[in-house]
Amino acid sequence: MKKLFEPDGIAIAGASTNPTKAGYVALRNMKEKEYPGNVYPINPNETEILGYKCYGALSEIEGNVDLVVLIMPARLIYNIMDDFDKRMEEKHDVKYIVCAAADYAETKTEEGIRRQARLMESAEKWGVRVIGPNCIGVIDNRTKVDTTFVDTGVPFSEFGEPTGITFISQSGALASAILMEAAGRVFPVLYNKFISIGNMADVDFVDLLEYLENDDTTKVIGMYMEGYRDGKKLAETLRRITAKKPVVILKVGRSEKGSKAANSHTGSMAGADNVYDAMFKQYGVIRVETIDELIDTMQALDALPLPKGKNHFLYSQAGGPGIYCTDAIAAAKHLETPLVSEETKERLRASQLPMANICSPEGYADITASATVANHVDGLKIVLEDDAVDSVTFITVVPTFLPQIELANALVEMEKSIPAEKKKPVYYCVMAGEYTAPARKIMEENGLCTFNTPDKAVKAADNMTRYALYRRRKAGEE
């Protein structure tokens, strides 16, 4: 599977000079990311697109081609695969096909089924693996491969280093939305790898999970799932992988209507949702309910250390958000309120203004709206030093009189001062929307994990704690 992410030569059938066409965007993505390998656009009506020499057919390309991207209308699949057979007879070089077009077997029509059968006939004949059809393609942001036709609107150069998050999706449209939603955050999330698998005519969830299990660049695996045909195989694979890496799944088709919609979309039988739910719980999979929770949880798992236990302290600069967050923590299934030492309480009181509320109730501090940068940072450090605290939700609304850039830099420096072996996860909730984006950007750039509302921070904390407890339990069993 390495050739999918590190191909020697990529051919794009359906490449276009029209900026509104998928075949243009896919080629432009490769250009903008400065993919270092050879790219071969296939379009019999053009001689050059975006500086790349054009070819009339796959069989005409002189150089090696490991990966073929099919992004042309599905009705052309017969001619394309005839030409593919011709190339393989002569060169036998292609290892992967990414079929990004729709209108195949997912339509349940005779013609759609026939098209997919023709695609797979040649692929199986030559031992070539297929991603799709009915997908948006594949991204590897370390090797600069991007066969998708998704425009995130953010220049690649602004993303920084890729995260350790790899994401797999059955839905192309939802994959696009998740890609663009992550790119549009205060500091863009650059996925390590991103794979849209569509109809799973060949390569499926288990194939990719087995590869990612030993992929050193993948720290967290995220998935959007509609259904899978071999539940036992999936369960065994997840059981093995979650003992090493967290897996976060947005599984749809909970309702009867949702299950039917999944079947009509990618041809997936969603199956009884309670069976999936039980399997996920048994094998340590983190099941999420929304796109925000999915991205938040993946980011937190990538950026933060796992907590050592359930004890979660709430450190807030404002009363209302603090109460709101208290309810969220009380509703969380895997978080408990810590009882910090009297020494910690005394140190906290000494570090704060006289009107601050320290540990009433236990495990809660409201440092008040008048808190300075020093009050924010000094008190948080004291909380983190208490042995009874495993993790913290930090809330600040950042009033206009509090210098947010100074606060952001001070929090970054505090985190840097803590030795790696003593670090604990802090879920920084920096409220007030666009106004606080500059502070959040600084914090995210430096590895801190930020949220815009307390409930999102608590969801991520609860999910991370659940996974940490699973890992500890599995380690004890072994």
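Results, tabulated for the structure shown:
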{"read-out": "In degrees, nearest ten, helix 22-32 long axis to first principal axis of the chain (Cα)", "value": "60 degrees"}
{"read-out": "For peptides 302-312, 196-206, sequence by mean Cβ density within 10 Å, most packed first", "value": "196-206, 302-312"}
{"read-out": "Cα shape, segment 176-224, gyration tensor, a/c 1.5 rule", "value": "oblate"}
{"read-out": "Nonlocal Lys pairs with alpha-carbon distance under 14 Å, segment 378-441 (8 or more apart, or different chains)", "value": "5"}
{"read-out": "Relative contact order (%) - the chain, alpha-carbon pairs under 8 angstrom, separation at least six", "value": "11 percent"}
{"read-out": "Alpha-carbon Rg/Rh ratio, for the chain, with Rh computed the Kirkwood way", "value": "1.04"}
{"read-out": "Solvent-accessible area, 1.4 Å probe, carbon plus sulfur percent, for segment 11-166", "value": "48 percent"}
{"read-out": "Computed [θ] at 222 nm, deg cm²/dmol, the chain (DSSP H ≥ 4; -39,500 (n - 2.57); rounded to nearest 500)", "value": "-12500 deg cm²/dmol"}
{"read-out": "Accessible area (Å², 1.4 Å probe, nearest 10) - Met355", "value": "120 Å²"}
{"read-out": "Average accessible area per residue (Å²) across segment 120-208 - probe 1.4 Å, nucleic acids and ligands excluded", "value": "28 Å²"}
{"read-out": "Karplus-derived 3J(HN,Hα), 6.51/-1.76/1.60, for each residue of segment 82-88, Hz, glycine and proline x", "value": "4, 5, 4, 4, 4, 5, 5"}
{"read-out": "Long-range Cα-Cα pairs in segment 5-113 (distance over 16 Å), rounded percent", "value": "57 percent"}
{"read-out": "Kirkwood hydrodynamic radius of segment 128-222, from inverse mean 1/r over distinct Cα pairs, in Å", "value": "13.5 Å"}
{"read-out": "Using alpha-carbon coordinates, inclination of helix 273-282 to the longest axis of the chain, degrees", "value": "60 degrees"}
{"read-out": "Alpha-carbon centroid distance for the pair segment 328-345 / segment 29-108, whole angstrom", "value": "57 Å"}
{"read-out": "Fraction of accessible area attributable to carbon and sulfur, segment 393-478 (%, probe 1.4 Å)", "value": "53 percent"}
{"read-out": "Accessible area of Thr218 in the full protein assembly, 1.4 Å probe (Å², nearest 10)", "value": "0 Å²"}
{"read-out": "Separation in nanometres of the label points that stand 7 Å from Cα toward Cβ, at Arg471 and Lys422", "value": "2.1 nm"}
{"read-out": "Nearest-10 value in Å² for the accessible area of Thr337, using the 1.4 Å probe", "value": "80 Å²"}
{"read-out": "Between 0 and 90°, nearest 10: helix 110-126 axis offset from the chain longest Cα axis", "value": "90 degrees"}
{"read-out": "Segment 321-478: radius of gyration over Cα atoms, expressed as a fraction of 2.2 N^0.38 Å", "value": "1.03"}
{"read-out": "From phi via Karplus (6.51, -1.76, 1.60), per-residue ³J(HN,Hα) for segment 365-372 in Hz, x at Gly/Pro", "value": "9, 10, 8, 6, 5, 7, 4, 8"}
{"read-out": "Cα-Cα over 19 Å, subset of Lys308/Lys459; Lys2/Lys125; Lys33/Lys95", "value": "Lys2/Lys125; Lys33/Lys95"}
{"read-out": "Accessible surface ranking that places the most exposed of His92, His334, His376 first, with a 1.4 angstrom probe", "value": "His92, His334, His376"}
{"read-out": "Reachable aspartates and glutamates from Lys244, criterion Cα separation under 14 angstrom, eight or more residues apart if same chain", "value": "Glu210, Glu213, Asp215, Asp216, Glu236, Asp302, Glu478"}
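The values are calculated or read from the model by the stated rules, or taken from the named source; none is laboratory data. The model shown is predicted, which means the values in this text are computed figures rather than measured ones. Cβ coordinates were reconstructed from backbone atoms using ideal geometry, including for glycine residues, and neighbour counts include every protein chain displayed. Quick note on the areas: whole protein, heavy atoms, side chains included, nothing else; ligands and nucleic acids left out. Shrake-Rupley method; radii C 1.70, N 1.55, O 1.52, S 1.80 Å.
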